[in-house]
2 protein chains.
Amino acid sequence: MSASSDRPRGLHSSVLDALGSRIVAGELAPGQVLTLDRVDTEYGVSRSVSREAIRVLESMGLVAARRRVGVTVQPRETWNVFDPRVIRWRLDGADRSNQLLSLSELRMGFEPVAAALAAQRATPEQCGVLAAAVSDMVVHGTSGDLESYLDADTVFHRTLLEASGNEMLRALGGVVEEVLAGRTHHHLMPSSPNPDAIALHETVARAVRLRDPATARDAMRRIIDEAADAMREQFAEE
Amino acid sequence: MSASSDRPRGLHSSVLDALGSRIVAGELAPGQVLTLDRVDTEYGVSRSVSREAIRVLESMGLVAARRRVGVTVQPRETWNVFDPRVIRWRLDGADRSNQLLSLSELRMGFEPVAAALAAQRATPEQCGVLAAAVSDMVVHGTSGDLESYLDADTVFHRTLLEASGNEMLRALGGVVEEVLAGRTHHHLMPSSPNPDAIALHETVARAVRLRDPATARDAMRRIIDEAADAMREQFAEE
DNA sequence: CAACAAGATAAATCAGACTAATTGTGACCC
DNA sequence: GGGTCACAATTAGTCTGATTTATCTTGTTG
């Protein structure tokens, strides 16, 4: 199990999770107003915990609190769509396909750049981790063990983003991880991984080791393309 | 003035801002522990407001609260570096140059992709806005009015990201805006904008209108390259 | 020395009162 | 009839203090 739900750490966190899910699912529509009193009684908690939950939701742009009117749910345009919790709520809910397609287009942007940067900056150690991850992908890809394959894939992408030496690219590792996990756990993966995809991963790893940014970038671009295509195919089958 | 500081909306927000700035500035170093009592007395506020501020900081990954220990400042790796407030704190503080370079590398990833997508999806209206923005850039670029030039530049990039039709790319509009504003307000711009840069903007606008993704993407890539180079030059002069 | 028990500490939660901002309403005047 | 102004209702914001719970430290005991 690869870190899906964080620990429920506290009452406040549960309320936050519940309200957040309901908002991104559209059950609480934009414009709708809640009052703190209502939240208290509905979830059976004291005001401090509901206040703190609302405060965090506000900081994510999901709601806005105004005196004398209450807490109004905000439209999607104001959400912090990069907040890991927002991403997870959307991936877990009805908005999953939209979220996955958005994220794929986004990955098409930054992962090739990260690959190129990694080809200039990766340490020998990181090159080793990449090679090992590819090797694991080969093994578990042919054996059909999707969960282990996912682990190796995750290590590969996370290491590559870290090797880019750019903290913001590294921060997107969490996003990629969610995409990969969501894709396999929601059965948007082919039952056995595409051998071409594995070969491309190896190309990237080698290009990084050989300090060849252009090749790394192009191969990574093809990886994302392939993944998006495969996902679209699985969508079509549903 | 282009929306720099949000309204101070409440006591809690001031404490949040103060603590957040101090953390990203490194004045409160990772590992250091605060207690809620200390925060109360130091800022002269009640527990509820300090609790809510801490809660939001926790949701941004800047601190972690544990019973019997207190609130410990977290290392940079766990920060939500895409949170608009974190970005602004870093741009306003001592970490400005690092943040700007990170953001430039990031832009190199997603803006070309956004340009390519915009070339497939932009509405005629958006094409018009892009053309108008370029025209404004020409006027204010030659007249040397940097502030108006900034406004036009901002409109251009924001419109392009919106035209990509991808909500996550659009959400990065705020980031780009901060970069552009930070660059001119902190005098990292040449005193008069590079004519080549303006020409490239026009190329992008035309390519989008003519539905030519490849050209749009390449021109946009050159825009970011030019901007990064110019910024590095200004850094060197300091 | 290990295992376990008691105490201390600080966040987490609860409860209730008071403050302040904002919105709606109705009286009043022109 | 319409515009203005004062007042009342409403709801988030702030304050206070008590209680609960998790966790770390320390000391005791076998």
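The values are calculated or read from the model by the stated rules, or taken from the named source; none is laboratory data. None of the values given here were measured: they were computed from a predicted structure. FYI the Cβ positions are ideal-geometry reconstructions off the backbone, even for glycines, and counts take in every protein chain you see. Surface accessibility is based on the protein's heavy atoms, side chains included, excluding ligands, DNA and RNA. Shrake-Rupley method; radii C 1.70, N 1.55, O 1.52, S 1.80 Å.
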Exercise. From the phi of every residue in the stretch A:173-188, what ³J(HN,Hα) in whole Hz does the Karplus formula 6.51 cos²θ - 1.76 cosθ + 1.60 yield, where θ is phi - 60° and glycine or proline is x?
Worked result: x, x, 4, 4, 4, 4, 4, 4, 5, x, 5, 7, 6, 9, 6, 9
Seminar exercise, completed: Expressed in angstrom, Rg and Dmax over the Cα atoms of the protein assembly as shown are 23.0, 66
Problem set entry | Label point 7 Å beyond Cα along the C-beta direction, distances from B:ASN194 to other copies (nm, shortest first) | 3.7
Seminar exercise, completed: Here the convex hull volume per residue of the stretch B:1-132, taken over Cα atoms and given in Å³, is 156
Exercise. Can you list, bin by bin at 10 Å, the percent of alpha carbon pairs in chain A, starting at 0?
Worked result: 7, 29, 29, 19, 12, 4, 0
Exercise. Got the relative contact order for the stretch A:11-78 handy, in percent, Cα pairs under 8 Å and 6 or more residues apart?
Worked result: 40
Seminar exercise, completed: Residue separation between B:HIS187 and B:TYR43 times 0.36 nm, minus their alpha-carbon distance, gives in nm 48.5 nm
Seminar exercise, completed: at B:GLU233 the sorted inter-copy label distances (label 7 Å from Cα on Cβ side), in nanometres, are 4.9
Problem set entry | Hydrodynamic radius (Kirkwood) for the stretch B:101-177, which is based on Cα pairs only, to one decimal in Å | 12.7
Seminar exercise, completed: Rg from C-alpha atoms of the stretch A:11-78, normalised by the globular rule of thumb 2.2 N^0.38 Å, equals 0.98
Exercise. Roughly how crowded by other chains is peptide B:44-54, in terms of the mean Cβ count from those chains within 10 Å of each of its Cβ atoms?
Worked result: 2
Seminar exercise, completed: For the stretch A:95-237, the per residue accessible area (1.4 Å probe, Å²) is 41
Seminar exercise, completed: Across A:60-70, the residue-averaged tally of Cβ atoms belonging to other chains within 10 Å stands at 1
Exercise. Remind me, relative contact order of the stretch A:95-237 in percent, using alpha carbon pairs under 8 angstrom and six or more residues apart?
Worked result: 36
Problem set entry | GNM result for chain B, Cα springs below 10 Å: residue of B:VAL33, B:VAL69, B:VAL24 fluctuating most strongly | B:VAL69
Exercise. Shielding of B:165-175 by partners, i.e. mean partner chain Cβ atoms within 10 Å per residue?
Worked result: 5
